[in-house]
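The next block holds one structure in the form of structure tokens; read it before the comments.
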Amino acid sequence: MSNQRNSPRFPVNLDVDFYINHNLHTGLLLTASPFGVFLKTNEQLSVNQIIKIILPLTHINLQVIGRIAWVANKIPYGAGVEFQNLNQEEQDVILNTIKSGLWLSGCLGNKNNIFSTDSQEIIADLDC
């Protein structure tokens, strides 16, 4: 089995909310690509867990489903997350957001929607 990635990872510095088993947690993304992220967190995670991560984009938040591909089992904990079922448009939006530097600089504007990759609909309005 090869350790080669589908895409290079880019450095980011982004606080995110994520859900595991319907429980809300917080973490910090340190690297990202259109196919996955490295998530630093205080939560101990397990390989093959399913995770929902809320990614802030320019005008909305994108809710993505991922699978924990590998874990760092020392404090601070972390995990490599592989995104599941993103279409090409969603991958392109993620890549463009990464390349814009917004996830590195923290310069994103207010978010008021969470967009579901499952239903392709806005699933929640947020008060920012």
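Considering only residues that are among the β-branched types (Val, Ile, Thr) and either under 10 Å from the mean Cα position of the chain (by Cα) or surrounded by 18 or more Cβ atoms within 10 Å (Cβ to Cβ) (or both), which ones fall in the stretch 55-65?
Val64, Ile65 - these are the residues of the stretch 55-65 that are among the β-branched types (Val, Ile, Thr) and either under 10 Å from the mean Cα position of the chain (by Cα) or surrounded by 18 or more Cβ atoms within 10 Å (Cβ to Cβ) (or both).
Pick from the stretch 5-49 the residues that are of a type in the set (Gly, Ala, Ser) and surrounded by 18 or more Cβ atoms within 10 Å (Cβ to Cβ): which of them is farthest from Gln91 (Cα to Cα)?
Gly27
Please pick out the residue among Val81, Val12 that is under 19 Å from Leu104 (Cβ atoms), β-branched (Val, Ile, Thr), in contact (Cβ under 8 Å) with a residue 40 or more places away in the chain and in contact with a helix residue (DSSP H, G or I) (Cβ under 7 Å, 6 or more places away or on another chain).
Testing whether each residue is under 19 Å from Leu104 (Cβ atoms), β-branched (Val, Ile, Thr), in contact (Cβ under 8 Å) with a residue 40 or more places away in the chain and in contact with a helix residue (DSSP H, G or I) (Cβ under 7 Å, 6 or more places away or on another chain) leaves just Val12.
crowded, with 16+ Cβ neighbours inside 10 Å, on the phi < 0 side of the Ramachandran plot and assigned to a loop (DSSP other than H, G, I, E, B), is that true of Leu86?
yes
Out of (1) free of Cβ contacts under 8 Å to residues at least 24 places away in the same chain; (2) crowded, with 16+ Cβ neighbours inside 10 Å; (3) out of contact with any Pro (no Cβ under 8 Å at 6 or more places or on another chain), the odd one out for Lys52 is which?
(1)
A short reminder: the numbers here are calculations on the coordinates, not readings from a lab. Not measured: the values here are computed from a predicted model. Methodologically, a virtual Cβ is constructed for each residue, glycine included, from the backbone with ideal geometry; neighbour enumeration extends over all protein chains shown.
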